[in-house]
Amino acid sequence: MNTPPSPPAVERTDGSSVQIGALVPLTRPGWVEAGQHLLAGLELAVRDVNDAGGIVGRPLELVVRDTAADPQRAAAAVDELARLGVAALAGEYHSVVARTAAARADALGLPYLCSSAVLDTLTEQPTEWVARVAPAQSHGWQIYADFLLGAGHRRIAVAAQPSVYWASGARILRDYLAPHGGTVIELDMGALAPTAVCDELVGNRATALLLLVGHPEPAVSIVKSVRRDPRLAEIMIGAPAGQPEFAEWARLLSDDGAAIPFLRYLPESLSPLGARVEKVLRERLAAAPSFVAFEGYDTVTVLADVLRSGGVDRASTAEAWSRVAVEGTRGKIQFSRTPGISVWQWVWAPVQVVDRDPAAPDRLRILHTG
């Protein structure tokens, strides 16, 4: 492994603890609820690690930085955390932010275990410094495309905003659906108002509309417009990126937010570890924990195992990805090099397509598994 020069002026803030830098979106325009769930999972795992003796007798400590979904803010946080002497980085939810953080971590020689971001190309070139527990976008979104085909959808509109992440998702869907007779019609939400989407759906004879847009806006306004248009009573609205996962979605849309299938990275039934973690997270969050909270917990579980076995040296941590074999909340986690993906990847976290039950929007229904 090529080891880059160490960053200058490394300052350890507390020599008695082993520190992990945590990147989390906790303020707007970041998806705050996702950040809260991610942080809850990270913090619970740190507590459990310390209750079990820490890292060879030393307590594990999170050093949390709010990225606010801003790539430049994330890059500055990585630089700061590297100077503070953290052993590794964890976290981040937004793919475009994680991509910047991963590139900076790679340049600094700082191990980074990405929790939730799914963009396939987290780094432009293959790197030994970055690993990921979330499934890659190409994997999860192809499973979503299988669900669409199984439900009989061939003319699929995507309401998309300009973004590397949304563009990548649209390309995955188009490439996968085309050989099966599917057509993807892109609606540019940089040019269309939510109310104008309805006319485009009717004119293009779409049977499904996928929301490749930010939350809460314009996603919420688009859903409200489509739900209120009698011409579109039969159209399916979908959200592969998972906007309906969090309670805020149900609060903002009520019954309109039900029956909108989205991707969730959980097994059909949790292991004993997963069930215990779910119970504690539910109490901490005063709500059902999302898959993002479990991703946070699994991230720290992996890093703690690596740090116990290989020590806190950064190069040793990066070299240990290939040897990881850890029981997480959603299955056994091991990393490998996967074609087309530039980081060490868990292949794969479980994938479900779920929606909120119209009869009880607080309840999720499993529609398809991959």
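The values are calculated or read from the model by the stated rules, or taken from the named source; none is laboratory data. If you're wondering where the values come from, they're calculated on a predicted model, not measured in any experiment. Note that we place each Cβ from the backbone using ideal geometry, even for glycine, and neighbour counts take in every protein chain shown. Surface accessibility is based on the protein's heavy atoms, side chains included, excluding ligands, DNA and RNA. Shrake-Rupley method; radii C 1.70, N 1.55, O 1.52, S 1.80 Å.
Residue-by-condition table, conditions (1) under 27 Å from residue 281 (Cα atoms); (2) assigned to a loop (DSSP other than H, G, I, E, B); (3) open to solvent by 30 Å² or more (accessible area, probe 1.4 Å):
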| position | (1), (2), (3) |
| --- | --- |
| 68 | yes, yes, no |
| 90 | yes, no, no |
| 103 | no, no, yes |
| 113 | yes, no, no |
| 116 | yes, yes, no |
| 123 | no, yes, no |
| 135 | yes, yes, no |
| 143 | no, no, no |
| 148 | no, no, no |
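Pick from region 14-56 the residues that are under 20 Å from residue 265 (Cα atoms) and part of a loop (DSSP other than H, G, I, E, B): which of them is least open to solvent (accessible area, probe 1.4 Å)?
Residue satisfying both the conditions and the ranking: 25.
For region 235-246, does any single residue satisfy the condition of being exposed (fewer than 13 other Cβ atoms within 10 Å of the Cβ) and farther than 21 Å from residue 369 by Cβ?
No; the residues of region 235-246 include none that is exposed (fewer than 13 other Cβ atoms within 10 Å of the Cβ) and farther than 21 Å from residue 369 by Cβ.
Kindly evaluate residue 139 against the criterion of being in a helix (DSSP H, G or I), closer than 25 Å to residue 119 by Cβ, under 20 Å from the mean Cα position of the chain (by Cα) and in contact (Cβ under 8 Å) with a residue 40 or more places away in the chain.
Yes.
Considering region 315-335 alone, what residues qualify as being open to solvent by 40 Å² or more (accessible area, probe 1.4 Å) and not in a loop (DSSP other than H, G, I, E, B)?
319, 322, 323, 327, 332
State whether the residues of region 249-263 include one that is open to solvent by 40 Å² or more (accessible area, probe 1.4 Å), on the phi > 0 side of the Ramachandran plot and in contact (Cβ under 8 Å) with a residue 12 or more places away in the chain.
Yes.
Every residue in region 249-269 that is part of a loop (DSSP other than H, G, I, E, B) and at pLDDT 95 or above, please.
258, 259, 260, 261, 265, 266, 267
Assess whether residue 289 counts as being outside any helix (DSSP H, G or I) and open to solvent by less than 40 Å² (accessible area, probe 1.4 Å).
Judged against the criteria, residue 289 is a match.
Taking region 185-226 as the region of interest, how many residues are assigned to a strand (DSSP E or B), of a type in the set (A, V, I, L, M, F, W, C) and without any contact (Cβ under 8 Å) to a residue 60 or more places away in the chain?
6
When residue 338 is evaluated against the numbered criteria (1) of a type outside the set (Phe, Trp, Tyr); (2) open to solvent by less than 50 Å² (accessible area, probe 1.4 Å); (3) under 16 Å from the mean Cα position of the chain (by Cα); (4) within 20 Å of residue 95 (Cβ to Cβ), which criterion, by number, is the only one it fails?
(3)
Between 96, 78, which is open to solvent by 30 Å² or more (accessible area, probe 1.4 Å), β-branched (Val, Ile, Thr) and assigned to a helix (DSSP H, G or I)?
Working: 78 fails: open to solvent by 30 Å² or more (accessible area, probe 1.4 Å).
Sole residue among the options that is open to solvent by 30 Å² or more (accessible area, probe 1.4 Å), β-branched (Val, Ile, Thr) and assigned to a helix (DSSP H, G or I): 96.
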